[in-house]
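Derivation of every value follows stated rules applied to the coordinates shown; laboratory data play no part. Quantities reported herein were computed from a predicted structural model and do not represent experimental measurements. Cβ atoms come from the backbone with ideal geometry, glycine included; neighbour counts cover every protein chain shown.
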Amino acid sequence: MNASLRWLSDLLGVELDAALTRDRLTMLGAGVEALEPLHGGLGDIVIGEVLEVRRHPNADRLTLCLVDAGGQAKRVVCGAANVAAGRRYPFAPVGARLPEGLMIERRTIRGEVSEGMLCSARELGLGDDQEGILELDTAAAPGTRLLDALPIADTRFVLEITPNRPDLLSHQGIARDLGAVLMRAVKLPVIPGAPAQRPPRAARARGARGDAGGVPIAVEDVSGCRRYTAAVLRGVGVGPSPAWLRNRLAAIGARSVNNVVDATNYILFEVGQPIHAFDLAKLRGPAIVVRRARAGEALTTLDGVRRRLDPSMTVIADAEVATGVAGVMGGAESEVSAATTDVLLECAYFDPRQNRATRRAMGMSTEASYRFERGIDHDATPEYLGRAIELLLAVAGGHVDGVPVDVYPDPIPPTTVFLRDRRIADILGVEIPRGETERVLTALGCVVAPKHERLAVQVPAARPDLTREIDLIEEVARIVGYDRFPDDMRPYRIGVVPDAPSERVAARLRRALTALGLHEAMTSPLGPRADPRSPEVLNPLSREEAFLRSELLPGLVRRVEHNWRLMQRDVRLFEIGTVFERREGELPAEEMRVAGVLTGARRPPHWSEPATPDLDLFDAVAGLEAAVAVALAGAVLEPGSVGLVVRDAGGRAVGRAAELAADRPAWAAPLVGFEVAVGTGGAPAPRVRPLPKSPAVERDIALVLPAGLRAADVETVLRSAAGPLLERLWPFDEYRGAPLPAGSRSVAWRLVFRAPERTLREVEVEAALQRALTEVEARYGVRRRAS
Amino acid sequence: MSGPSAEQLAALAALRAEAEARVRAARGRDALQQLRTDYLGRKAGRLTAILKGLPALDPDARRAVGEAANAAKAAIETLLEAAERALAPAGSEAPRPDLTMPARRQWRGALHPVTLVVDEVCAIFGELGFTRYVGPEAETERNNFTALNFPPEHPSLEMHDTFYLGEGMLLRTHTSPLQIRVMEAYRPPIRVTMPGMCYRRDPFDPSHAPAFSQVEALAVDEGITFVDLKASLTYFARRFFGPSVRVRFRPSFFPFTEPSADMEVECLICHGTGCPACKGSGWMEILGAGMVDPNVFEAVGVDPERYTGWAFGMGPHRMAMLRYGVPDIRVLFEGDMRFHDQFVDGG
């Protein structure tokens, strides 16, 4: 919604300040998206009166003018055909700057000096007319600043109006809010040139049929059209609008069409009431029937589009065919044209739901439907018709034929809401004096009557958002001003909701994985179909984003490829996020996962190490181990068909580490990754073991393992056979190649023996080691490597 | 085995450990030569002395001690040789290291900037007694709209362009359905922050993403008022943006709160004088908030005459962009290592 500061000022009868008004509107809830000064660039332009026009001696199309712009008369060379002595025009003296930035200089044109410029509307940004210079109808003395002589300097507010406030889609509604704060009443300004006598007020019809100036009006779709008022104006002269009307519309960015259309638009933006003007001569009958469209009916709307209608839509028809879509757009056939002399004015209240249904079925939205579907004032319909008639008579002439009609078969009862003083304090935290509450609500158009401990508040029809006590409390807070409420911290009770365990686990995972050198990534959970059980979005933005992910790794792999495209070889990312699985007839199953991807150098290159090794699968396993330790109690890792598989306590595969397929450039390192479901937590808080006081004894053994024998299996045997003296063991070397048989390898373990509380004897160690070696040979035929 | 032999074995182990430690600590060829003499020297080497004394032991002890001593000798010999190889060529003195050369660094990971914001928001509200509560990203229309007082077919639905899953299910357009879930799971007093991923049907552009995070907070109890809302959110703003930041609340509209408010802080770029970032207003919108609408309480079976509450929702993606100067929201989804490297320190 665009609003003009000057327009608002007129409604409130006070000169409003632009910056202050912006702040006030903001604090009233009408967000100001932009504040645009209009015609501020015309400050140098003055009124110039042409005293004398002579032919330019050296050019056929130029004239030599003497211009009074205050002070000494100026000699000006002019190229406009319409320049005439005794007339006044905008004049840019030497040194003046035009809105577009052009600086006017003393110039010599074909041998004659020119000391300024007479300007066209286009040069001043006042219109598209470039047929000559702009003739001014002003009594202001020559030399007066144009901005002081003409009411064109203005400020345009671009407002963001929330959907609950259709009343703010008009200057009157905005002014009413401002007035409640400024303690000023809103009064519609007198229309220049309006007839002294007010037009007759619309007469209420009996039932759903009436007559306006001899034209029968029938409302058949009573639920779609709650109220229909109309008037017939005859002898109207369609032509250009007067300057004040054009300026007003221009100030809010609306284009001037002709006086009739401009008048209806003016009413729309002034009071929020859409008005439609039909060319009476084009209406068959002539008659007006408000009804549902018939199956197969079609209509060419004002925008020139041929539209198919159906019975879900409310239309305005003449005696035979639909001639407009109710509250959305008129028809091209009955549009007012230059030849129009008789006009039927429509001022109606269409039901918001039905209007919305109609305009959605039409697949369009207009200024009119935007207001009807949010709800306009159904009480003021006849007044607004009267205002439209007055305006039309003022700008287009003519007279009202007969008495306007008001078809309102089923009047909408007023809404009364009860408001308790105590409840205001309960919600707002501050006692508001009864008098203040009454003043605020009255200023907003409510009728307030005290009743015991509460107020009976009849809300204005222009405010469909006010239906409950809480709605009125918000109004009180809004007009009192949110900034006038205190913000001191008051005592509170601790809540009963525990911290979500998954959030704690996620935080521990983030610590663990960043410690391993992985950056946290966040990818979009929407992607292409990856799994038959992926839930599908019915209205995706594209096929590539039509499914919810079932795994995190594919998204992370795309991130790696993105880095590769940017020539980044070292990529280490992890993500904690949700994966989804479709379930019949209920919400998709969701699972929190953690995944990581690693490629490139294992550590930052260092001068002491000419070739840094690349990350490999064992680095991915390290990430997986760290994640499992934090996230998943009782899980085990074991080799799978590809890479490593995580099984939860129930034996279900819940994660993996593997080499990953990717679109890998030749220079990139292998890509490895891991992913695992996040449970409710991993290792519990440790119970510390006493630190050993006795010395340990170490032994190294190298065993030759045949192909297919896993180190972990050998270790299990070594550990159980060696007994409790074996504190720990780990492989520290692996060797393949000559002289070992093909396929076999030598794995060297370091074994650490210790007896708590005493020093081990050599022979005990020796015995334990021998038991272990004997057992592993018996089980797997594995022997020590001959040295 | 006799006592003396066990003692000798222990002494031998200690000697071996001491020698290994000293070899590892030794710097320079001379030091290594000295150690070789000390332990393995033909005349006065300490290990040599033990080996020389072997014949005096009884056969069992001789075998045990002998094996251990020979193993120790081999180990020390190996270590010494390795240390000597590692030294610079013979004759040159070990140079002093140039400590202006880069350190031996490890990769360090960084948290996502959105995580940094979410964690800080939740931590600040944690100071006010708020716990963290989470819930599903796929939701019912009832939890996402109806129970939150969105009238069906109302224009306010157009504020949320929704991804639908069919059968009354959708991807949540905000974290507010968690208000419904937490109030159905717990009776007041409730004080929770609720972070999570949300979805709207906006294609990726510099300021939109089809998936984005939100943090919601909800406080419900007897006697909670608009003053508590202002106090809590002002506290948050001062902790998050700095103690002197100016804050204002202006009326707004959300179907599930009334009165509703937008909280704005003075523009972080121009500090209130007006600039393109704040569209000349000097203020920046930070979050939407309001008193829980009585219809929401009705929907979850909480008595609105007894309980009142406030709620807010904000966008950590936008907060992260503001705080860290990220010009384009898409950067937050790209996983560019050079972007995330910048969050290793100070994150």
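Values for this structure:
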| quantity | calculated |
| --- | --- |
| Neighbour-count ranking [beta-carbon atoms within 10 angstrom, fewest first] of A:Thr323, A:Thr366 | A:Thr366, A:Thr323 |
| Fraction of the pair-distance distribution of the protein assembly as shown above 58 Å, Cα-Cα pairs, percent | 39 |
| Rg over Rh [alpha-carbon atoms, Kirkwood Rh] for region B:6-86 | 1.00 |
| Alpha-carbon gyration tensor eigenvalues x 5, square-rooted, for region A:543-625, Å | 34, 15, 7 |
| Pairs of Cα atoms farther than 15 Å apart, region A:490-537, % | 70 |
| Region A:633-680: radius of gyration over Cα atoms, expressed as a fraction of 2.2 N^0.38 Å | 1.38 |
| Between 0 and 90°, nearest 10: helix A:18-28 axis offset from chain A longest Cα axis | 60 |
| Reciprocal mean inverse distance between Cα atoms of region A:724-765 - Kirkwood radius, Å | 12.5 |
| For the protein assembly as shown, with +1 on Lys and Arg beta carbons and -1 on Asp and Glu, the positive-most of A:Gly435, A:Leu245, A:Pro692 along the dipole | A:Pro692 |
| In Hz, Karplus ³J(HN,Hα) per residue of region B:70-86 (6.51, -1.76, 1.60; θ = phi - 60°; x = Gly, Pro) | 5, 4, 4, 4, 5, 5, 5, 4, 4, 4, 4, 5, 4, 5, 5, 5, 6 |
| Anchor A:Lys282: lysines whose Cα lies under 25 Å away (excluding residues fewer than 8 positions away in-chain) | none |
| Share of Cα-Cα pairs in region B:235-298 lying beyond 21 Å, as whole percent | 33 |
| Euclidean distance of C-alpha centroids, region A:38-97 and region A:457-504, integer Å | 62 |
| DSSP beta bridge pairing in chain B, given as percent antiparallel to the nearest 5 | 95 |
| Disulfide-incompatible cysteines by the Cβ rule (no partner under 4.7 Å) in chain B | B:Cys122, B:Cys198 |
| Charge dipole (debye, nearest 20) of region B:6-86; +1 at Cβ of Lys and Arg, -1 at Cβ of Asp and Glu | 300 |
| Residue exposure sequence - A:Thr108, B:Thr225 - by fewest surrounding Cβ within 10 Å | A:Thr108, B:Thr225 |
| Radius 12 Å from Cβ of A:Ala293, net charge of other residues (Lys, Arg +1; Asp, Glu -1) | +1 |
| Average projected area [Cα convex hull, region B:113-346], square nanometres | 13.2 |
| Antiparallel %, DSSP beta bridges [both residues in the protein assembly as shown], to 5 | 95 |
| Simple Cβ-charge dipole of the protein assembly as shown, Lys/Arg +1 and Asp/Glu -1, about Cα centre, in debye nearest 20 | 3040 |
| Which of B:Met101, B:Met197 has the fewest Cβ neighbours within 10 Å, and the rest in rising order | B:Met101, B:Met197 |
| Shielding of B:123-136 by partner chains, average beta-carbon count, 10 Å | 4 |
| Principal axis box of region B:150-230, alpha-carbon based, largest edge first, Å | 42, 32, 23 |
| In region A:583-691, the trypsin sites (Lys or Arg not before Pro) that fall in loop regions by DSSP, at most 14 other Cβ within 10 Å | A:Arg652, A:Arg687 |
